[in-house]
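S.K.: One structure is given below, represented as structure tokens, and several questions about it will come after.
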Amino acid sequence: MTYAIDRTVKSLLVVSGLMALVYLSFIYKCFFNGFDFTDDGVYLLVIERPWEYDTLHILSGFIHHPLYLLVGGDIGWLRSVNFTLYLLAAIYLCSLVLRAISPPEAPLKGFWLCLVSFLFSFGSLTLFNLWLPTPNYNILNFMAIVLVAIGVFSVTLQKRKKERALAWSGWLWIAVGGYLAAMSRPHAAVALALLVALWGLWSYWPDWRGPALAAALSLFALAATATAIDGSLGAFVLRFQTAILEESISGAHSVSQILTLDADILWLGLTLNFLAGLALLFLAGFVLGFTEKSPRANVRLSVPVAAILALNLYIFYSDRLLWQNYLAGYLLWAPALGLFARSQFKDFKIAPKRAKPPLLRLFFFVLILTLVYGAGSNNSVFLTVSLASFFAFLALLILLARQTPPRFWLYRASSLSVLALFISVGIVVSSVGQPYRQPPSLFSYGVPQSVRDGGAPLNFAPPMARYLMGLKFIARESGFTPGTPVIDLTGRVPGAIYALNTYTPRAYWLNSINPGAQEYARRFFGKMTCAQIAAAWIIWENYPSLPPLIPPLLSDSGINFKTDYLLAGATVYASDFSEGEYYARSQYLLKPARPLADAIAACSQKRAAVAP
């Protein structure tokens, strides 16, 4: 017997699809609002000039650089195009997952497969809980994992449906995903390669041709890229070794942080309202399992509709309960877990042929992808698992398919896709209500301002627009020319360097709050030439007091901070916001006072004197 989606569920899917398009237009509009002067600034610096730096973070810049050139440096369009590619990959993965796990008696096909996949793909928006939409290594790492998963499910479908073209395209997807993972975070690529190898041995041994092809293509692409970037494989390997050492020195986003269990993120996230949201959505999934047996379609339809209405009330009228909650992604799991709990009751019969091992293998594979993402983000496990909840959600969907009789499958898949849409949109709405390291909220940003003179405008909050205009005015009036090196010693505004159409030699961000900031900064100053240091302007706060990082950095290069710089001007940086008030700090732009030749000579003499 073949089952189909009934009319009422089709109506729910169509209405949800139309609402999803409205939500998408809202998200695209947000891409043209706001700019974080810390992380967004770093991402743009490494995208525009990836060859200028030699750390691991910047490898993704070589991937995003062509896209940056394609959109002419327009930040809003750069975010939009990258997000479109991201969402298309998620939609395709969802369609392959649904094709692989749907029972033959209840298949999703054609328009309804596309629509349900589209709704499920919104689950991938949990990655934007921090709202950092500018292309970066975390987004690239996530996309790489999605592409590898696409390859795995393509190969799985080929084995079931005997489509050879699908199999070879699957191994090609795995090769591309592996290469992109290496270019985002190399240790994530290692974890991904091990996972794929274990899955291949479990599922396809001794047929080694596909895995060998994927490995060869990925390694060849990586070797060609390494040669193009550094001239040789040896120099590229040295980059890895040096970068890992420097990350460990800085103490920020080092590999060791992958294994940290940040109690602050956990306990600050486990608020009463957040726990209430988990309970609400778990209950929705649990009740969904009871009503699916009802012969009345309107009874079955009432559960997802009631859950949607309750979720909307929960998100929009509960005093910002999700705002800045790094655990919000876990809400995506709740309805699937509730439905799974219902499936364990004795009255729920499991179809014997749905309990075959392949689905269990796919479940473990997709679930572990959540941890693979964490291996590439170098952050607390609690945070990274939340951001990558999409993979755990798909794993739960696979587990449900394994325990769902065919007559209930289409109703379950359709209802969960609708809930995934509204949960994820609620998370995004909350994140743009309190964007990462920016004044709230993106809805209130109404001052158009180009980040860089001549560029397309973004909408800013008034204080940040004034800061940006003031900084560019001071630089212009003081004779600053684009391309002149600038060193940000505040550790706060690498985005200001991008706005001035310039760079910091060798170091895209000297963050003074990291545990190893002093030694980390010293190493990067040592890589700068005397000509670069002598010509560099400086951004600092609390002038004319002596910055704590200055003595060991500039004095080792023959520069006296108090006498060798002039104050070009001051502007007010006001990104911190709490309880309705901005916390403003004065920032100062300093220009070299000595003739360039004299500064270079003093630097050379000093370095020669202290050299071992």
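S.K.: Would you work out if segment 115-155 is rounded, prolate or oblate? Take a ≥ b ≥ c from the square roots of the eigenvalues of the alpha-carbon gyration tensor; rounded if a/c is under 1.5, else prolate when a/b is larger than b/c, oblate otherwise.
M.R.: Working: a/c = 3.34, a/b = 1.31, b/c = 2.55.
It is oblate, given that a/c is not under 1.5 and a/b is not larger than b/c.
S.K.: Same structure again: Of the cross-linked pairs Lys562/Lys606; Lys29/Lys109; Lys472/Lys591; Lys527/Lys606; Lys29/Lys472, which ones have a Cα-Cα span greater than 22 Å in the structure shown?
M.R.: Details: Lys562/Lys606 17 Å; Lys29/Lys109 32 Å; Lys472/Lys591 14 Å; Lys527/Lys606 15 Å; Lys29/Lys472 26 Å.
Pairs exceeding the cut-off: Lys29/Lys109; Lys29/Lys472.
S.K.: Got a number for the accessible area of Asp564? Probe 1.4 Å, square angstrom, nearest 10.
M.R.: 20 Å²
S.K.: Could you tell me the accessible area of Arg506 in Å² (1.4 Å probe, neighbours in place), rounded to the nearest ten?
M.R.: 60 Å²
S.K.: Using only the heavy atoms of the protein chains and a 1.4 Å probe, how would Leu394, Leu280 rank by accessible area, largest first? Write out the running numbers ahead of the final one.
M.R.: Values: Leu394 5, Leu280 55 Å².
These residues rank, largest area first, as Leu280, Leu394.
The values are calculated or read from the model by the stated rules, or taken from the named source; none is laboratory data. As the structure is a computational prediction, the values presented were derived from the model and not from experiment. Keep in mind that these areas ignore ligands, DNA and RNA; they rest on the heavy atoms of the full protein, side chains included. Shrake-Rupley method; radii C 1.70, N 1.55, O 1.52, S 1.80 Å.
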